[in-house]
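The structure appears right after this line, and notes come after that.
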Amino acid sequence: MRLGRPVAGWFRNCAIPLGLVLVPAGALDDPALHFSLSGSEPAAEATVSPPEELRLWFTQAPQDHSMSVRLMAGDAAVETGPPIAAAEDDRVYSVAVGRTLEEGGYNIVWRAMAADGHVVRGEIPFKVRVP
Ligand SMILES: [Cu+2]
């Protein structure tokens, strides 16, 4: 396995205190080894028709039952189904949207625990335009 992701990137993704890091120089997480978002529908910053579901692609499978996905309209949470891993690929999650979204700005707020135990989180802002 190739190792050598820059320290800054590793901390951005993992956010654990420096004092806890006891790894040999150069043995830091590789993007291919580390859990992160690799894509989504809607994509970040996209403007889309009202989506019936959200899809998130990750670089690896999260720990079981650790995935949390919330859809926010400003400060208000939009009702959704639970995050469900695709049967054919446990790196892909879908979330059913509970209602037809009106025009406006939304934010997908996700969090999961990587296989290495690190909690990784992110946000995917997007806009809905009604055709
Ligand atoms: Cu990690």
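For the range 57-82, how many residues meet the condition of being assigned to a loop (DSSP other than H, G, I, E, B) and among the aromatic types (Phe, Trp, Tyr)?
As a first pass, look at the range 57-82 and keep what is assigned to a loop (DSSP other than H, G, I, E, B): 59-67, 74-75, 79, 81-82.
Imposing the further condition that a residue be among the aromatic types (Phe, Trp, Tyr) reduces the set to none.
Qualifying residue count, the range 57-82: 0.
Quick check on Leu33: is it at pLDDT 95 or above and either surrounded by 12 or more Cβ atoms within 10 Å (Cβ to Cβ) or part of a strand (DSSP E or B) (or both)?
Working: at pLDDT 95 or above: no; either surrounded by 12 or more Cβ atoms within 10 Å (Cβ to Cβ) or part of a strand (DSSP E or B) (or both): yes.
When the stated conditions are applied, Leu33 does not pass them.
In the range 45-56, how many residues are assigned to a loop (DSSP other than H, G, I, E, B) and either surrounded by 14 or more Cβ atoms within 10 Å (Cβ to Cβ) or not assigned by TED's automatic domain parsing to the domain that holds Val97 (or both)? I'd like the intermediate steps shown before the answer.
Within the range 45-56, the subset assigned to a loop (DSSP other than H, G, I, E, B) is 45-46, 49-52.
Okay, now just the ones that are also either surrounded by 14 or more Cβ atoms within 10 Å (Cβ to Cβ) or not assigned by TED's automatic domain parsing to the domain that holds Val97 (or both), so 46, 50-51.
Residues flagged as assigned to a loop (DSSP other than H, G, I, E, B) and either surrounded by 14 or more Cβ atoms within 10 Å (Cβ to Cβ) or not assigned by TED's automatic domain parsing to the domain that holds Val97 (or both) within the range 45-56 amount to 3.
Answer with yes or no whether Asp89 is within 17 Å of the chain's Cα centre (by Cα) and among the charged types (D, E, K, R). It would help to see each step written out before you state the result.
Values: within 17 Å of the chain's Cα centre (by Cα): yes; among the charged types (D, E, K, R): yes.
Against the criterion (within 17 Å of the chain's Cα centre (by Cα) and among the charged types (D, E, K, R)), Asp89 qualifies.
Would the range 78-97 turn up any residue that is farther than 17 Å from Glu53 by Cβ and exposed (fewer than 12 other Cβ atoms within 10 Å of the Cβ)?
No; the residues of the range 78-97 include none that is farther than 17 Å from Glu53 by Cβ and exposed (fewer than 12 other Cβ atoms within 10 Å of the Cβ).
The values are calculated or read from the model by the stated rules, or taken from the named source; none is laboratory data. This one's a predicted model, so the numbers in the text were calculated from it and none came from an experiment. Glycine also receives a Cβ, built like all others from the backbone with ideal geometry; neighbour counts cover every protein chain displayed.
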